[in-house]
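Trainee: Structure incoming, see below.
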Amino acid sequence: MATKKIKDKNKKAKKSYPAPKLRKRLSLMLVFGGLIVIASSIILLYIRQNKTATITDGSSIAAFDQIVTENSDDPDERKPDIKSVIYEVQSDAPRRIIIPAIGVDGFIQQVGTTKENAVAVPTNIHIGGWFDDSVKPGQNGLSIIDGHVSGRYTDGIFKRLGELKSGEKFQIEYGDRSTKTFEIVENRKLTEADSSNFLFQKTSQINSQLNLITCGGNFDKNTEEYADRIVIVSKLIES
Amino acid sequence: MTAPIVNATTGYACDGVKADLWFGNDESGSVSSSEFNDALDFMYQISDSFEYDSVTGVQAGAFAWDTSTNDIIVPITEDFADTDDTGLIQDTNVVVDGDSKGIRELYSSKAGGGGTNLTVATQHMADLVDAGNGRRSDVPQIGIILTDASEGQLTGDAANWITAGDNLRAAGDGGVGIVLVLIAEAATAYTAGSAGPTVDAVAGTGGLIVTVPTYTEAADPAEGHVDSVTDAICDTIETIAPTPVAPINDNDNISTDEEDSGPNNGDGNNDGVKDSEQTSVTTAVNNILGAYTTTETSGDCTQITDVSFYEESSLAATDPSYDYDLGLHGFTVDCSSTGGTVDVTYYWDKVYDTDDWNYRKFNASTNTFLDFNDQVTYGAAVLGASTVTTVSYSVTDGGEFDGDGVANGSILDPIGPSEASISAPNTGFSQTTNITLYALIGAGLALSTVGLYGYKKNKR
């Protein structure tokens with residue numbers, strides 16, 4: 001009885017194998033499928049490499065002096081080389097932001113308000129955006145600089161903004177190459193809904209307040225937006 | 001005749017006005033009994049259009065006249081319409097309550113019957129007003145003279161009638177506005193005859209003339225003459241005596257009536273003293289909220305001289321990144337000395353969620369908005385049965401937050417809760433990392449290897 005069962009089982013098992021021709025065809029499909037995946041990934045790596053290349057040509061960022069009022073779905077992810085790129089702004093306008101604690105060193109362009117009534121973001125993920133309806137950094141009042149947390153292929157200028165701690169310092173360089181130093185007063189993570197009121201709130205205890213902002217929290221694929229915002233409140237300490 | 005007006009219950013004519021109405025009814029021989037009844041119905045409906053209140057509303061009285069004068073028939077202190085009496089005589093459906101008040105009960109029969117002397121009638125009305133007879137002080141006085149006088153009667157004694165008109169307009173302590181109701185022959189004489197200039201001169205500046213073809217039409221509410229005369233009375237009230245400005249006890253530019261009508265029986269800061277009696281506390285209707293709010297000051301500056309409420313759009317500049325949905329509230333306060341500091345507490349009309357509020361101040365001297373949120377303290381106060389949000393802060397005369405920017409003994413203070421009108425930026429994307437791509441390459445290699453192995457095995 002037991003012998004018969006084993007025989008039946010083998011019989012059934014043999015029947016479940018595809019025919020040799022079909023097995024050959026499936027094997028070939030696996031080979032080609034794998035090759036397609038490899039080729040696609042290599043192409044994406046190549047695109048990514050090009051998209052995230054370093055910019056050394058000054059003319060490539062000529063549009064930085066325009067006020068950005070529209071957010072791009074495909075922002076420039078090439079990193080401008082600070083030393084070789086020629087980038088000029090008005091003498092008293094912010095040109096560059098340097099935050100040693102998180103390895104930030106990027107140019108600054110002017111951003112305005114989008115038609116959706118939000119603060120616009122820079123056209124390049126490696127540069128900051130000074131909101132032109134706020135005062136210039138270092139002037140009395142509230143100044144706002146935003147920056148990308150990420151692009152589609154690589155990290156943005158403010159990827160590590162959330163790591164900043166109170167008391168840490170950073171510099172803003174101006175068009176005339178003068179610099180001002182700011183000290184971080186507060187690092188706040190807020191929901192997107194709560195962030196705008198905090199972002200636009202100036203404390204009267206600080207004369208020259210500079211708020212930095214980027215996205216944080218989880219990325220919602222449905223809204224294509226991060227759930228939170230990181231806002232860094234800082235004050236001018238040195239001219 | 002259509003259904004009569006029976007005691008207005010909704011919507012009084014020029015609602016809220018105070019006035020004393022003096023009716024002078026023509027009882028000369030040319031007015032038949034039927035026309036007399038129409039005249040009574042006419043006056044009754046006119047009087048019924050007003051709200052009678054000896055303190056806050058209208059009073060009315062009547063006298064009859066022909067070549068002589070009959071004394072007061074309905075005293076002006078009476079409830080002329082008497083809401084308990086209803087119905088029109090011409091419909092024979094008059095119902096009275098028997099309290100010997102109002103035109104329905106006091107003025108039921110024609111007393112005159114002689115000739116027509118408008119000079120006597122007009123002068124008699126002036127004399128009645130001058131003598132008082134229940135006239136209230138600081139209340140508009142309106143004389144309504146009804147007549148069917150002929151052209152000759154209107155113009156025959158023109159000079160004296162005009163003089164009597166002048167006397168009537170000067171009578172009492174503030175004069176009398178004249179409304180002449182010209183019926184039948186009198187209407188024709190005015191509109192088509194030569195009586196126009198005389199009648200116009202008698203009515204004078206601010207007076208009005210209403211013409212009505214017949215007494216029957218006058219009494220018929222469907223003809224609209226009741227409304228015409230009522231409107232004329234209202235217009236005359238407005239012309240000769242605009243609504244008097246309510247008294248202000250505490251020099252804060254807000255009337256005592258308004259302050260006393262505020263929350264907590266006029267004690268908007270619950271300090272036990274009516275706000276209308278304090279120079280340092282003002283309760284007023286915030287027209288943006290449509291509700292009462294209270295401003296309380298202390299410190300060096302306690303004479304509030306003005307309280308105002310502003311839409312952001314009404315200011316000389318707008319705040320680009322902020323909205324002021326609840327508007328801005330402001331005051332002007334005088335200080336005991338220049339450079340003084342005022343401590344302010346503003347009592348809102350209810351409890352608000354202040355978490356998202358960002359108080360900002362408008363500086364009128366620079367047309368800029370300043371952040372002020374750190375200067376204010378949010379709280380709550382119990383006012384009677386209600387709890388309201390409070391906001392407290394200090395401003396120094398001539399300081400950064402003094403709206404006039406000058407140390408001049410006066411602090412100007414437009415300020416309000418704002419919320420950011422611009423959303424925070426969206427600065428990120430779903431990122432494809434190198435690790436993902438390398439993993440995909442690995443997966444592709446694995447697939448290909450397995451496929452190749454299978455192909456070779458099956459080839460054998």
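No lab work stands behind these numbers, since they all come straight from the coordinates. Fair warning: this is a prediction, and the values are worked out from it, not measured in the lab. Glycine also receives a Cβ, built like all others from the backbone with ideal geometry; neighbour counts cover every protein chain displayed.
Trainee: Obtain the radius of gyration and the Kirkwood radius of the protein assembly as shown from its C-alpha atoms and give Rg over Rh.
Mentor: Expressed as Rg/Rh, it is 1.30.
Trainee: Then there is this: What order do you get for A:Val231, B:Val450, B:Val382 when you list them from fewest to most C-beta neighbours inside 10 Å?
Mentor: Least to most surrounded, the residues fall as B:Val382, B:Val450, A:Val231.
Trainee: Can you check what the net charge comes to around B:Asp343, using other residues whose Cβ is under 10 Å from the Cβ of B:Asp343 (Lys, Arg +1; Asp, Glu -1)? Numbers along the way, then the final one.
Mentor: Values: positive: none; negative: B:Glu296, B:Asp300.
Charge balance near B:Asp343 sits at -2.
Trainee: Each residue of region B:140-150 in turn: what ³J(HN,Hα) in whole Hz from Karplus with 6.51, -1.76, 1.60 and θ = phi - 60°, glycine and Pro shown as x?
Mentor: Each residue's phi maps through the Karplus curve to give x, 10, 10, x, 10, 9, 9, 7, 10, 3, 7 Hz.
Trainee: Further, regarding this structure: What is the set of long-range amide H partners of B:Asp306 at a cut-off below 5 Å, with H atoms built 1.01 Å from backbone N?
Mentor: Excluding prolines and chain starts, which carry no amide H, the hits are B:Thr332.
Trainee: Short version: ³J(HN,Hα) in whole Hz for each residue of region B:170-183, in order, from phi by Karplus 6.51 cos²θ - 1.76 cosθ + 1.60 (θ = phi - 60°), x for Gly and Pro, what are they?
Mentor: 9, 6, x, 9, x, x, 10, x, 9, 10, 9, 9, 9, 10
Trainee: With θ set to phi - 60° and the Karplus curve 6.51 cos²θ - 1.76 cosθ + 1.60, what are the ³J(HN,Hα) couplings of region A:211-222 in order, to the nearest whole Hz, using x for Gly and Pro?
Mentor: With the stated coefficients, region A:211-222 comes to 9, 9, 9, 8, 7, x, x, 8, 8, 9, 5, 6 Hz.
Trainee: I would also like to ask the following. Tell me the Kirkwood radius of chain B: reciprocal of the mean inverse pair distance over distinct alpha-carbon atoms, in Å.
Mentor: Kirkwood hydrodynamic radius for chain B: 27.5 Å.
Trainee: Can I ask one more? Ranked by Cβ crowding within 10 angstrom, fewest neighbours first, how are A:His126, B:His225 ordered?
Mentor: Least crowded to most crowded, the residues run B:His225, A:His126.
Trainee: Still on this structure, please answer the following. Going by how many other Cβ atoms sit within 10 Å of their own, how do A:Arg25, B:Arg136 line up, fewest first?
Mentor: Working: A:Arg25 14, B:Arg136 18.
Placing the least packed residue first, the sequence is A:Arg25, B:Arg136.
Trainee: Per the helix-only calculation at 222 nm, which mean residue ellipticity applies to the protein assembly as shown, given -39500 (n - 2.57) for every DSSP H run of n ≥ 4 and division by its residues, nearest 500 deg cm²/dmol?
Mentor: Computed ellipticity for the protein assembly as shown at 222 nm equals -8000 deg cm²/dmol.
Trainee: Follow-up question, since we're still on this one. Given H placed 1.01 Å from N in the peptide plane, which residues other than close sequence neighbours of B:Val176 have an amide H under 5 Å from its amide H?
Mentor: Excluding prolines and chain starts, which carry no amide H, the hits are B:Arg169, B:Ala170, B:Ala171.
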